[in-house]
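Taking it in order: structure first as structure tokens, then the write-up.
The values are calculated or read from the model by the stated rules, or taken from the named source; none is laboratory data. The structure displayed is predicted, hence computed values, not measured ones. Neighbour counts are summed over all protein chains in view; Cβ atoms, including those assigned to glycine, are modelled from backbone coordinates with ideal geometry. Accessible surface areas use protein heavy atoms only, side chains included; no ligands, DNA or RNA. Shrake-Rupley method; radii C 1.70, N 1.55, O 1.52, S 1.80 Å.
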Amino acid sequence: MSPSSSFPETMTTTTTTTAKEDRKTHAVDIRIFFLIITTAMGISFLTGVLLGPSSPTDIFPGAISSAIANSALQQEIKVKTARRSRTKHASEIGERLPDLNERHVNFQQPVLEDFGDGSGAIQYAVDSDGGIVPRKMSQEEHLPSGQHLMVDLMNVEADFLNSEQRLADAMVESIKTAGLTLLSYHCHSLLPAGVSCVGVLLESHISFHTWPEEGVITLDLFTCGPKPLLPVVPDLERLFGIPRNKANSTTEKEEIISKWSHELRGFRNKNDKSNSYLDNSSDLATWVFSPLLFGTKKQVVSVNSPHQRIDIWDYLSKESTPSYDDAIKFNLTEGDPRWLTSEIVTPDRLLFLDGNIQSARDSEREYHETLVHPAMFAHPNPKHVAVIGGGEGATVREILKHNTVESVVMIEVDEMLVNIAREHLAYMSNCSDIIGLADSCFDDSRATIIYEDATQWFKDHYGKLATKEKAVPSFDVIILDAFDPKQGSEMYKDTEFLDALYASLSQEGVFSLHIGNHHTIHDPKPDMGVYAPREQFFNLLESHPSTAAMIVYEEAHCGFEEPHAFLTVCKDTTCKSRWYAQPVAVDDEIYDRIKRTKSNKPALIHFDGATQHSFQFTPRAWETVYCRREPEPFECSYRGLDMSKKLFEMADEEEEEEGSFEIKTQTINGEEIKSVYATVDIPKGSYIMPSDVASSVVLSDDIMKGLKDNIAVKETGEVTVIKNFLDFVDKHGHPSMSKGTKLNYVEVGGSTFIRKSQDPKEINVGRWLPEHPSGKIPVWSPLYDRHMMAFDVFIVATRDIKAGEEVVRPIKY
């Protein structure tokens with residue numbers, strides 16, 4: 001029976017009894033009655049005051065600091081309240097029960113007051129003697145922003161999760177440890193089990209809910225103050241992560257599983273936000289702090305060096321599955337259920353500098369091989385190499401694999417980073433498996449580490465006003481393993497540094513660097529948006545007189561969420577011939593140059609001839625964004641064949657199609673000469689024999705030299721076929737307009753019969769792409785890189801050609 005129904009029943013019974021005894025009642029003075037009642041109430045009140053608990057610590061022993069307890073700043077009120085029954089889902093509300101208790105603790109002394117006199121809010125704090133003292137609050141604390149920390153713990157002891165007192169103690173202690181200010185808290189016990197609590201903080205709030213049977217507690221801490229919350233995570237795990245016993249054991253404890261997430265909330269000062277490594281847009285926040293799905297997030301190093309913040313974290317997603325190495329280590333066989341879980345997966349190790357991701361253990365070799373080896377193989381014989389940055393040691397490791405290298409100079413400003421890398425990232429500088437190298441690449445006899453600012457170091461040693469002796473006469477290759485241009489490093493804006501960098505390079509010198517995320521076709525003009533600093537850097541390189549070629553390539557296997565881009569810059573165009581070498585030629589060079597390993601495993605796990613071949617063509621998005629430059633680059637008008645123009649082909653006998661040309665034989669000075677004549681009218685701009693010229697044979701200078709060398713060998717006798725072929729190439733071939741590629745195009749179709757002339761009045765066809773207005777190909781143009789063969793071979797009518805008119809091309813082509 002509910003309380004509401006029992007109350008009227010009692011009243012009815014009382015009334016009936018009074019009626020029966022009406023004849024036996026006696027008159028009582030109403031004044032005496034009220035006097036008795038008032039006296040009894042007074043005595044009861046005084047008794048409660050004198051005999052009640054003198055301090056909340058009588059109920060929460062050890063829960064509240066002695067300073068607060070001695071000042072009697074809190075009181076406990078026990079009231080009847082409603083409990084929420086355990087339900088299937090946390091959002092459902094259970095039945096309300098009238099007879100269960102809650103705990104509600106308030107702090108009586110106000111800790112925040114504003115008297116409205118313009119002096120601002122006053123915060124009260126406890127001094128060393130336990131007294132209350134006011135202090136002026138900083139304006140920073142009033143910003144509409146905050147930090148939000150969420151922590152989920154599993155395998156927690158059920159008794160702890162069902163105890164209001166123990167949970168309240170843990171909450172108060174965690175707030176004290178965090179240096180925050182607790183104003184009050186409120187806890188409810190639930191049926192059949194569980195506790196919900198919320199604490200009101202001066203800075204905002206803390207709350208949690210428990211599931212004792214499942215061994216789970218979820219906590220939520222939000223603060224508006226400036227104190228960082230990340231250091232609180234270990235304390236929350238310690239105070240609330242009381243492990244439960246394993247099944248069927250009274251001594252063995254289960255491992256606490258912890259998942260947590262940290263977010264910056266609200267609207268903060270833009271500069272403070274962008275400069276904070278906690279910023280939601282930083283890689284550290286995106287990769288580690290924000291996601292709750294990771295099964296493991298362990299802080300290895302978090303320290304501020306004199307130059308930057310260094311963070312190293314181990315992380316493992318619960319969705320991860322075993323790698324090849326994991327399978328070998330744990331001897332996994334077919335059907336093993338661990339193939340589908342993260343139980344034995346080795347966590348990845350991440351390095352962040354100022355919140356920006358630098359490397360991941362699982363993919364750093366792909367990244368550093370991509371950064372180093374394309375540039376190294378673009379030089380014919382790299383002996384002296386410099387590294388700017390590279391404090392982890394992996395860049396030096398890859399360079400030392402080349403047997404041509406005599407010296408490596410690494411200029412790294414942050415000695416603390418190198419020391420941390422030696423201890424916690426030792427795999428990145430591990431050269432122990434490479435024959436002839438020291439166990440640590442840092443300790444190799446060919447390696448020198450200089451702890452200075454690289455920008456100033458190059459100015460001092462190779463600049464126009466250099467005052468110090470050169471480390472080596474010149475470097476053949478320089479690897480810039482520093483921040484990418486997006487991060488706005490002054491290094492990429494300093495023209496004096498660039499001059500010194502170029503001056504330090506040999507005649508065929510090359511330098512390479514990582515330039516950040518790839519472009520997409522949706523990106524704005526290159527000088528707008530987040531990559532405007534990269535475009536400014538490109539402009540400096542393009543305008544520098546020592547830049548002969550710039551080549552952009554991408555790699556999607558570096559461990560980042562998106563493909564990342566790299567740039568190789570050459571002082572001489574001859575690097576292009578090695579860059580565009582056939583895969584088999586690159587593989588042959590790798591065999592000759594790369595050192596062997598003690599384990600007989602390949603020294604390179606990612607880079608080879610086929611990989612280099614994939615770097616030879618800049619992705620189309622770079623072309624798209626490049627053509628959004630203003631004014632639009634000249635070659636952007638030739639991004640593809642003009643669909644409004646017609647194609648005029650030779651006759652195809654196999655397809656029995658009539659052509660637009662015929663070949664006639666004439667006798668000139670006693671020599672029979674074949675010429676091409678149009679059989680139809682051909683408008684200006686039309687494409688001439690596109691199918692034939694697209695079938696042109698591509699020969700490198702090296703191939704041509706090899707064929708000529710074969711003829712020169714006396715033992716082979718006369719090689720008529722090769723001679724005839726070379727004569728054909730001399731007559732019908734022409735070099736690429738791109739200097740340094742050492743490529744030649746040999747036409748093999750009907751276009752070979754088009755007569756050549758020096759008379760401009762006769763010439764009526766020419767290259768599809770006219771000569772660049774500047775008179776030379778730009779040092780950076782993804783269009784020339786991507787469409788060079790089309791620009792080299794396609795022919796168009798340079799004026800209207802009438803039916804019956806001979807087709808004539810220029811001698812210089």
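Structure notes:
- Inter-label distance, nm, simple model (7 Å from Cα along the C-beta direction), LYS664/SER445: 7.7
- Convex hull volume per residue, computed on the Cα atoms of region 561-646, equals 193 Å³.
- Per residue, the solvent-accessible area of region 617-656 (1.4 Å probe, heavy atoms of protein chains only, all protein chains present) comes to 69 Å².
- Extension gain, LYS329-ASP527: 0.36 nm per intervening residue step, less the Cα-Cα distance, totals 66.3 nm.
- Amide H partners (placed H, <5 Å) of SER506, local residues excluded: PHE475, ASP476
- Virtual paramagnetic centre 7 Å along Cα→Cβ of LYS253, amide N under 19 Å, in region 338-363: none
- Residue among VAL569, ALA548, HIS606 farthest towards the positive dipole end of region 548-641, charges placed on Cβ: HIS606
- Ranked by the mean number of other Cβ atoms within 10 Å of their residues, highest first, the peptides 311-317, 385-391 fall in the order 385-391, 311-317.
- Label-to-label distance for ILE811 and THR597 is 5.8 nm, based on points extended 7 Å past Cα in the beta-carbon direction.
- Protein accessible area in region 236-358, 1.4 Å probe - carbon and sulfur %: 48
- Average accessible area per residue (Å²) across region 400-472 - probe 1.4 Å, nucleic acids and ligands excluded: 46
- Within region 386-430: backbone nitrogen closer than 11 Å to the THR346 label point (7 Å, Cα to C-beta): 427
- Scalar couplings 3J(HN,Hα) for region 736-753, obtained by applying the Karplus form with A = 6.51, B = -1.76, C = 1.60 to θ = phi - 60°, are 5, 6, 7, 5, x, 6, 6, 10, 10, 10, 10, 6, 10, x, x, 5, 5, 8 Hz; x denotes Gly and Pro.
- Theoretical FRET efficiency, 1/(1+(r/R0)^6), r = Cβ-Cβ of THR467 and LEU540, R0 25 Å, to 0.05: 0.55
- Per-atom-type breakdown for region 380-466 gives carbon and sulfur 47% of the accessible area (1.4 Å probe, protein chains only).
- Three-way shape label, region 585-738, alpha-carbon gyration tensor, a/c 1.5: oblate
- FRET efficiency, SER432 to GLU657 (Cβ-Cβ, R0 60 Å, nearest 0.05): 0.35
- Relative contact order (percent, whole number), region 148-264, Cα cutoff 8 Å, 6+ residue spacing: 38
- Carbon plus sulfur fraction of accessible area for region 617-722, probe 1.4 Å, in percent: 48
- Which of HIS734, HIS384 is most accessible, then next, and so on - probe 1.4 Å: HIS384, HIS734
- Length gained when the stretch LEU292-HIS557 is fully extended (0.36 nm per residue, less Cα-Cα span): 92.9 nm
- Computed from the C-beta positions of GLN582 and SER675, the FRET efficiency with R₀ = 56 Å rounds to 0.95.
- Simple spin-label estimate for THR38 and GLU406 in nanometres, 7 Å along Cα-Cβ: 11.2
- Residue-span extension gain [ASN724 to ASP453] - 0.36 nm each, minus C-alpha spacing: 91.5 nm
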